[in-house]
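Asks: Below: one structure in structure tokens.
The values are calculated or read from the model by the stated rules, or taken from the named source; none is laboratory data. Since this is a predicted model, take the numbers as computed values, not measurements. A quick note on method: Cβ atoms are made from the backbone with ideal geometry, for glycine too, and the neighbour counts reach across all protein chains shown. Accessible surface areas use protein heavy atoms only, side chains included; no ligands, DNA or RNA. Shrake-Rupley method; radii C 1.70, N 1.55, O 1.52, S 1.80 Å.
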Protein chains: 2
Amino acid sequence: MKAHVYVSLKKTVLDPQGKTIQGALKKMGYQGLGDVRQGKFFEIALNGGLTKEQATAEVEKMAREVLTNPVIEEFRFTVEE
Amino acid sequence: MKAHVYVSLKKTVLDPQGKTIQGALKKMGYQGLGDVRQGKFFEIALNGGLTKEQATAEVEKMAREVLTNPVIEEFRFTVEE
């Protein structure tokens, strides 16, 4: 099984890195550009020993407790067979 | 329209950051953990002026020429209405 955890800054938190990328892309002439925000993701391989329910619970716990800073970040995740 | 660009290290490139996260998670007792790899993503808002084809072309160009280092990274992207 494979899990993907996507961590991004909360909508209310400023993203200076994204703003810089947006500015650079605009200067380079890319068209139709609105807001740019950057985030990170984790690709987690899971061993066969877990059921999908167990895996989902483990990944949710990992994401909530370790991979995300709950003060400024939020996460979503997917678990695939 | 909204585009998501996901950039990750090529499979053949070592990911020490991912390895560190994997080690930490294992030490903390999370179960069923295999490989962990980290990547980044960009959430790009696109103005209404572009058709979906134009937007896809712009985003693909951006991802290939600016957001990815083709030597060690690869990307995939999605464009949604």
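Asks: With N residues in the protein assembly as shown, what two-decimal value do you get for its Cα radius of gyration over 2.2 N^0.38 Å?
Replies: 1.11
Asks: Measure up A:LYS19/B:LYS11; A:LYS26/B:LYS52; B:LYS19/B:LYS40; A:LYS61/B:LYS10; A:LYS11/B:LYS2 against 22 Å on the Cα-Cα distance and list the ones that go over.
Replies: Table pairs above 22 Å Cα-Cα are A:LYS19/B:LYS11; A:LYS61/B:LYS10.
Asks: On C-alpha positions alone, give me the angle between the axis of helix A:16-27 and the longest principal axis of chain A, in degrees, nearest 10.
Replies: Computed tilt is about 50 degrees.
Asks: Would you please state which residues of region B:45-74 a label at B:THR12 would reach in this model, taking the label point 7 Å out along Cα→Cβ and a backbone N cut-off of under 12 Å?
Replies: B:71-73
Asks: For the pairing of chain A with chain B, what total accessible surface becomes buried, with a 1.4 angstrom probe, in square angstrom to the nearest 100?
Replies: Numbers: alone 5900 and 5910 Å², together 8880 Å².
Answer for the A-B pair: about 2900 Å² buried.
Asks: How much net charge surrounds B:SER8 when only the other residues with a Cβ under 12 Å from the Cβ of B:SER8 are counted, with Lys and Arg +1 and Asp and Glu -1?
Replies: Once positives and negatives cancel, what remains is +2.
Asks: For region A:2-80, with all protein chains present and a 1.4 Å probe, just round the carbon and sulfur fraction of the accessible area to a whole percent.
Replies: Its accessible area is 56 percent carbon and sulfur atoms.
Asks: Next question, about the same structure. Rounded to a whole number, what is D in µm²/s for region A:38-78 from Stokes-Einstein with the Kirkwood radius over alpha-carbon pairs (20 °C, 1.002 mPa s)?
Replies: Translational diffusion coefficient: 191 µm²/s.
Asks: Defining the label point at 7 Å along Cα→Cβ, can you sort the distances from B:THR78 to the same site in each other copy, shortest first, in nm?
Replies: 0.5
Asks: For label points placed 7 Å from Cα toward Cβ, what is the shortest-first list of nm distances from B:THR12 to its copies?
Replies: Spelled out, the distances from B:THR12's label point are 4.7 nm.
Asks: Would you tally the net charge around B:LEU46, using a Cβ to Cβ cut-off of less than 9 Å, leaving B:LEU46 out, and scoring K and R as +1, D and E as -1?
Replies: The answer is 0.
Asks: If all Cα-Cα distances of chain B are sorted into 5 Å bins from 0 onward, what percent lands in each bin, rounded to whole numbers?
Replies: Over chain B, the share of Cα pairs per 5 Å bin runs 3, 14, 21, 16, 13, 12, 10, 7, 4, 1, 0 percent.
Asks: Angle between the Cα long axis of helix B:52-62 and the longest principal axis of chain B, 0 to 90 degrees, nearest 10?
Replies: 50 degrees
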